[in-house]
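The structure under discussion appears below in the form of structure tokens.
Every read-out reported here was derived from the displayed coordinates using simple, explicitly stated rules and does not represent laboratory data. Treat the numbers as computed from the prediction; the structure is a model and nothing was measured. Virtual Cβ from ideal backbone geometry, glycine too; neighbours counted across all protein chains shown.
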Amino acid sequence: MVRKLAYWPIVAGVIFGVAAPVLAKFGNPGNMGMCAACFLRDISGALGFHGAAIVQYIRPEIIGLILGAFVSSFLFKEFKPRAGSAPLARFFLGVFAMIGALVFLGCPWRMFLRLSAGDWTALAGLGGLIVGILMGIYFFKKGFSLGRNRPAHPLVGYIMPLFGVVLLALLLWGMYGEATPVKFSTKGPGSMYAPLFISLGVGLLLGFVFQKSRFCTIAAVRDTVLLKETHILQGLVAFVLLAFITNMLLGQFHAGFEKQPIAHNDALWNFLGMVLSGLALTLVGGCPGRQLVLSGEGDSDAGVFIMGLLVGAGVAHNFALASSPAGIGANAPFMVFAGLIFCIILGVFAKERR
Amino acid sequence: METIDVRGLSCPSPVLEVKQAMDRGVKSLKVLADCGTATENVTRFARNANYSVDVKTFDDGTTEFTLQAQ
């Protein structure tokens, strides 16, 4: 199936695989050098959308991803303002993708980073992700579609990059300003972060190469199964391999099921959380990181999905759905099933009208 | 010649529609796409499936592919 080496995805995977463990070395939380879900959750908290005091920080990596993709799409003439493909369905897919990710404790990116550092509790999550993607593929084969977007006014495409700039301003206000409404954790994962300009720089670089390469953990598996195409999978393999090597070199590889950083060992819910997340992400068309990149290149529906992730993080922490190293949240099982039902109904009935 | 308009569809629908047409035995088809990812995916998929790929780009950002089984 490997007909030809996928240059850009491998370049993206190599850079990402080195950069993420290095960010953890520079101060980001353990096995969380980069995590689209966790970092958006921290942003949600910093803006006061949830009150979990240990996970509040405006992550510069997220800002960098959006703006890096914006710059790249402009340079390669791929900035295309577009909108109007079932925005509210995408919003709630975002809410549930986040809830599933916070039951597992990480987006697909972090799941692979956890595995690359020897955290075997993520194996159940990997199984769940694959099952979720396979369910999504089944719906696509049966004709699932969220419908078409349409070209939109350039201003519509600038909203998410502008949102990134506003987040950067709020970050600087929170860091250096006075009487700030922005909340930053003083302990816990939210208080652990790499120096601002390193995080921002890495985010920009990754946003750039992810836009150019279309790097996406969902597409990696989906295209391999659906199309027998390993183009993006090659990038994912490069990412995991390089992350493993980098973790080894930095002394961050600790194999086992116990005492893994910001993880729990409840295999059933690691699995089911990722089934929900994997299904929601497949239906929406890509992993949270990929959606951040799309939102930077003018895809307003991807921006709506990101807003869904931010709100989903608020819901997850306000309603005791998010896990902690001690285990899952009290109301998580109910909400995971509710989310699965939402996704399955959407998967079965949402088809394009012709 | 069959025409498939995948403009505005998000991934993987564009390339999936092309694949499904090929699976039905369509030997020559025209595809209209409008985003870089879909354009790349359709080209790569068609070449791997042994179709020749002819590309025309229009001012409104639409790319028109003519795919022909070899």
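Projecting label points 7 angstrom from Cα along Cα→Cβ for A:PHE74 and A:ILE159 puts them 2.0 nm apart. In percent, rounded to a whole number, the relative contact order of chain A is 38, using alpha-carbon pairs under 8 Å and six or more apart. Placing +1 on each Lys and Arg Cβ and -1 on each Asp and Glu Cβ, with no other charges, gives the protein assembly as shown a dipole about its Cα centre of roughly 560 debye.
Counting only residues at least eight positions apart within a chain, or on another chain, the aspartates and glutamates with an alpha carbon under 14 Å from that of A:LYS351 are B:GLU17. Take the alpha carbon atoms of the stretch A:331-349, find their center, do the same for the stretch A:71-112, and report the distance between the two centers in whole angstrom. Each part's Cα centre sits 18 Å from the other's. For a paramagnetic label modelled at 7 Å from the Cα of A:VAL225 toward its Cβ, which residues of the stretch A:132-157 fall within the zone defined by backbone nitrogen distances under 19 Å? So the set is A:132-146. Would you mind classifying chain B by shape? Square roots of the alpha carbon gyration tensor eigenvalues, ordered a ≥ b ≥ c; an a/c under 1.5 is rounded, otherwise it is prolate if a/b is larger than b/c and oblate if not. Here chain B falls in the prolate category. When A:LEU162, A:LEU168, A:LEU242, A:LEU276 are sorted by how many other C-beta atoms sit within 10 angstrom of their C-beta, beginning with the fewest, the order is A:LEU162, A:LEU168, A:LEU242, A:LEU276. Straight-line cross-link partners of A:LYS259 among the lysines, defined as a Cα under 28 Å from its Cα and at least 8 positions apart when in the same chain: A:LYS25, A:LYS187. Placing +1 on the Cβ of every Lys and Arg and -1 on the Cβ of every Asp and Glu, with nothing else charged, gives chain B a dipole about its Cα centre of roughly 320 debye.
Remark: A:PHE239, A:PHE334 ranked as A:PHE334, A:PHE239, counting other beta-carbon atoms within 10 Å and listing the fewest first.
In this simple spin-label approximation, B:GLU40 and A:LEU88 carry label points 7 Å from Cα along the Cα→Cβ vector, and these lie 3.5 nm apart. Protection proxy ranking for A:202-208, B:21-27, using the average of other Cβ atoms within 10 Å per residue and placing the highest first: A:202-208, B:21-27. Take each residue of peptide B:35-44, count the partner chain Cβ atoms within 10 Å of its Cβ, and average: the result is 5. Ranking A:LEU93, A:TRP120, A:VAL202 by Cα position along the charge dipole of chain A, where only Lys, Arg, Asp and Glu carry charges on their C-beta atoms, puts A:LEU93 farthest toward the positive end. Listed cross-link partners A:LYS80/A:LYS228; A:LYS77/B:LYS56; A:LYS141/A:LYS228 are compared with a 19 Å cut-off, the Cα-Cα value being larger for A:LYS80/A:LYS228. Here r is the Cβ-Cβ distance between B:GLN70 and A:ALA53 and R0 is 56 Å; the resulting FRET efficiency, rounded to 0.05, is 0.35.
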